[in-house]
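The values are calculated or read from the model by the stated rules, or taken from the named source; none is laboratory data. Small disclaimer: the values here were computed from a predicted structure and weren't measured. Note that each Cβ is placed from the backbone with ideal geometry, even for glycine, and that neighbours are counted across all protein chains shown. Heavy atoms of the whole protein, side chains included, go into the accessibility calculation; ligands, DNA and RNA do not. Shrake-Rupley method; radii C 1.70, N 1.55, O 1.52, S 1.80 Å.
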Amino acid sequence: MKLNPNSLSQILARRILNYGAISLHEFMSEALNHPEYGYYTKSNPIGRSGDFITAPEISQMFGELIGVWCASTWIKIGKPNSFALMELGPGRGTLIVDALRALKALPECLKALELHFVEINPQLKKSQEKLLSDYRVIWHKSLDDIPQKPTIFIANEFFDALPIEQLFFRNKKWYRRKVDLADKKYKSEPKFTFTEEVSSLSDLDRQFVVDSKCLNGSVFEFSPDSRDAITKISKHINYYNGAALIVDYGYHEPNTNSTLQAIQRHRYVDVLNEPGCSDLTAHVDFRALSSVAIINGVSCWGPISQGSFLRRLGIETRSEKLSVSASDATKESIKRAKQRLINEDQMGTLFKVMVLGQKSSYPFPGFLSNELSETA
Ligand code: SAH
């Protein structure tokens, strides 16, 4: 059945007419995850023919180095003889296939490993099933049923896909951003507009807002779903042992600008246009994630830049090795892919890497001992 791309607009418009403006979080949640018309439930967004390309799709080196990271982390957490490798939002499954190939170098670890995926996109789940047909994989729709054993979590470009709220500071007051109908008497295709509502800050919001500069026009973003996910992961690591590797684009310094964006076919489009048809994302607030993790009793390493992380794990050596018997054209494409992953003006700085683990005195692979964040 061909889906009507405007159906979600109609559903949201009726809801607004009946109950009033909805929160930005509700708008984003529906646009991304609506069971029938949500962006992540109805389309295959990744790749040249999709809306964006991710690091594992750029080069096999990315997943392979994450495989090396998993092997060293498994040793570091005490070589549990049974553990879960749980990937959040595995996309097409490319990262994990490359990681598993690298993990073959440590058969003991591969034997102890049980694969778990958290995925809401049925089309991507099919790609994962196909690509991983030689492995036993257990799929989950959420983080509500993490296996009760030591777990290594991997999340590449997962947190930027979770909905956010936005608060504005103006004339000494906070306002919450909401989404309303631009014209309540719309005829065919409803159009949406931003509106706002005076809001009080919860204690948790206040904790993150306090030291951001509250100037007129400051925008403060937060993601309740990310906080929830980090809380579950941290509690699990604390209780069952394990670690979490989080890679995403985002910031660590207090930020007072909107980072909300919509991407369709590799271009920026209007955030409120055709909900469900474009990828709505926001930059990840690593400072908020690390605070939540530390409050929940785990250690937080980084974030450091993706460039530093991949260099320390040996991307230069790996690219040289891959190039040894390659044709000149392949050598050139390996070099270009490596630069795209690590160069400052490409993904190297904007993308950051953070690791959560049980409290310990020596660092996780890819981190230096002074890269431990201790305060929430
Ligand atoms: N990690 C992959 C894909 C990143 S795109 C890569 O690097 O290529 C984001 C992924 O998260 C997709 O697989 C998407 O379907 C999934 N996803 C988005 N929101 C989700 C949610 N709320 N719960 C579970 N998976 C989600």
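Going residue by residue through region 99-115, is there one that turns out to be within 15 Å of the ligand (Cβ to nearest atom) and surrounded by fewer than 20 Cβ atoms within 10 Å (Cβ to Cβ)?
Yes, because at least one residue in region 99-115 is within 15 Å of the ligand (Cβ to nearest atom) and surrounded by fewer than 20 Cβ atoms within 10 Å (Cβ to Cβ).
Might you let me know whether region 308-322 holds any residue that is touching a residue at least 60 places away in the same chain (Cβ under 8 Å), surrounded by fewer than 17 Cβ atoms within 10 Å (Cβ to Cβ) and out of contact with any strand residue (DSSP E or B) (no Cβ under 6 Å at 6 or more places or on another chain)?
Yes; the residues of region 308-322 include at least one that is touching a residue at least 60 places away in the same chain (Cβ under 8 Å), surrounded by fewer than 17 Cβ atoms within 10 Å (Cβ to Cβ) and out of contact with any strand residue (DSSP E or B) (no Cβ under 6 Å at 6 or more places or on another chain).
Those residues that are in contact with a Gly (Cβ under 8 Å, 6 or more places away or on another chain) and open to solvent by 10 Å² or more (accessible area, probe 1.4 Å), I need them from region 285-298; list them, please.
Matches in region 285-298: D285 only.
Test each condition in (1) of a type outside the set (S, T, N, Q); (2) open to solvent by 20 Å² or more (accessible area, probe 1.4 Å); (3) in a helix (DSSP H, G or I); (4) without any contact (Cβ under 8 Å) to a residue 60 or more places away in the chain for V68 and report the one that comes out false.
Condition not satisfied by V68: (4).
Name the single residue, out of those in region 40-60 being more than 9 Å from the ligand (Cβ to nearest atom) and part of a helix (DSSP H, G or I), that is farthest from L350 (Cα to Cα).
So, considering only residues that are more than 9 Å from the ligand (Cβ to nearest atom) and part of a helix (DSSP H, G or I), the one farthest from L350 (Cα to Cα) is K42.
With D134, D98, D144, D160 as the choices, which residue is of a type in the set (D, E) and assigned to a loop (DSSP other than H, G, I, E, B)? It would help to see each step written out before you state the result.
Values: D98 fails: assigned to a loop (DSSP other than H, G, I, E, B); D144 fails: assigned to a loop (DSSP other than H, G, I, E, B); D160 fails: assigned to a loop (DSSP other than H, G, I, E, B).
None of the other options fit; the residue is D134.
Provide a single number: the residues in region 128-167 that are polar (S, T, N, Q), surrounded by 16 or more Cβ atoms within 10 Å (Cβ to Cβ) and near the ligand (Cβ under 9 Å from one of its atoms). Give the derivation first.
Start the filter on region 128-167 by keeping residues that are polar (S, T, N, Q), which leaves 128, 133, 142, 148, 151, 156, 166.
Subsequent filtering for residues that are surrounded by 16 or more Cβ atoms within 10 Å (Cβ to Cβ) retains 128, 151, 156, 166.
Subset that is near the ligand (Cβ under 9 Å from one of its atoms): 128, 156.
The total comes to 2.
Looking at the structure I just gave you, is R336 modelled with pLDDT of 95 or more, open to solvent by 20 Å² or more (accessible area, probe 1.4 Å) and not hydroxyl-bearing (S, T, Y)? Show your work before the answer.
Working: modelled with pLDDT of 95 or more: yes; open to solvent by 20 Å² or more (accessible area, probe 1.4 Å): yes; not hydroxyl-bearing (S, T, Y): yes.
Yes; evaluated as a whole, the condition is true for this residue.
Show the residue pairs that are 6+ apart or on different chains and have beta-carbon atoms under 6 Å apart, the first residue being within region 82-111 and in contact (Cβ under 8 Å) with a residue 40 or more places away in the chain and over 16 Å from I58 (Cβ atoms), the second being in a helix (DSSP H, G or I) and more than 16 Å from the ligand (Cβ to nearest atom).
S82/A112; F83/A112
In region 68-124, how many residues are of a type in the set (K, R) and in contact with a Pro (Cβ under 9 Å, 6 or more places away or on another chain)?
Here is the first cut: in region 68-124, the residues of a type in the set (K, R) are 76, 79, 92, 101, 104, 111.
Next cut, in contact with a Pro (Cβ under 9 Å, 6 or more places away or on another chain) only: 76, 92.
Qualifying residue count, region 68-124: 2.
Being closer than 28 Å to E87 by Cα, in contact with a Ser or Thr (Cβ under 7 Å, 6 or more places away or on another chain) and hydrophobic (A, V, I, L, M, F, W, C) is the filter here, so list the residues in region 154-178 that pass it.
The answer is F159, A161, L162, I164.
Do any residues in region 132-143 that are under 15 Å from A99 (Cα atoms) have Cβ atoms under 8 Å from those of residues that are within 14 Å of the ligand (Cβ to nearest atom), where the two are at least six apart or on different chains, and which pairs are they?
Close Cβ pairs (under 8 Å, with a partner that is within 14 Å of the ligand (Cβ to nearest atom)) amount to L132/G93; L132/I96; L132/V97; V137/H116; V137/F117; V137/Q128; V137/E129.
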